[in-house]
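*Asks:* Submitted below is the structure of interest, expressed as structure tokens.
Derivation of every value follows stated rules applied to the coordinates shown; laboratory data play no part. Owing to the predicted nature of the structure, the values given are computational and were not obtained by experimental measurement. Using ideal geometry, Cβ is built from the backbone for each residue, glycine included, and neighbour counts are taken over all protein chains shown.
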Amino acid sequence: MCGFAQIINLLVIMDNFIDFIDKKNNYIKLKVNSKVYSLATIFAAGYTFLDKVYILLDKDSKGNIFIFLSPQKKNSNLKKIGLEFFNELLNYSHYFSTSKTNSETIKLILQRALFSANPSMSREVEDKYIDNLIDKELGENKENGKNTLPKKR
């Protein structure tokens, strides 16, 4: 019973983000806070719906983005389409945040794959990386008023 109550509460919360349903003109208006979802996330979610709905975006002065979804097929469940759009927003938010978090790991894996094909490149890139670290350290020492030089390998 507790799970059912949570689902009902979630649907009530979601209704606050479904701004308007116009069954006569066959569209739903969703409200999304741009501080929560980036435009890239909204575009990505919208892209997955291009074969199902026509999409129009608008923005107000408070930072809310309004998404108008009009199904290409008549008699579609407008509320279900709106809720599915919110699911896609969450999906792409997760994708973009994990991509950002894992970008360094992905970069390292790709570098190792490329360097295994040409090992001489590995030493050159490693030397550049060390030089960049030294330059960064020197810059931080100057900002902090230190005149010490890090030891080079």
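*Asks:* Counting Lys and Arg as +1 and Asp and Glu as -1, what is the net charge of the other residues whose Cβ lies under 14 Å from the Cβ of THR48?
*Replies:* -2
*Asks:* Using the Karplus curve 6.51 cos²θ - 1.76 cosθ + 1.60 with θ = phi - 60°, work out ³J(HN,Hα) for each residue of the stretch 71-82 in order, rounded to whole Hz, and write x for Gly and Pro.
*Replies:* Running phi through 6.51 cos²θ - 1.76 cosθ + 1.60 with θ = phi - 60° gives x, 6, 9, 5, 6, 7, 7, 5, 5, 5, 4, x Hz.
*Asks:* Among residues other than TYR37 whose Cβ falls under 13 Å from its Cβ, what is the net charge (Lys/Arg +1, Asp/Glu -1)?
*Replies:* After counting each charged neighbour, the total is +2.
*Asks:* So if I place +1 on the C-beta of Lys and Arg and -1 on the C-beta of Asp and Glu, and nothing else carries charge, what would the dipole magnitude of the stretch 61-124 be about its Cα centre? I want it in debye, nearest 20.
*Replies:* The calculated dipole for the stretch 61-124 is roughly 280 debye.
*Asks:* Can you give the extra length, in nm with one decimal, that the chain gains between ILE134 and TYR54 once fully stretched, where that is 0.36 nm per residue apart less the Cα-Cα distance?
*Replies:* 23.5 nm
*Asks:* Please report the net charge: other residues with Cβ closer than 12 Å to the Cβ of HIS94, K and R +1, D and E -1.
*Replies:* Taking every other residue near HIS94 into account, the sum is 0.
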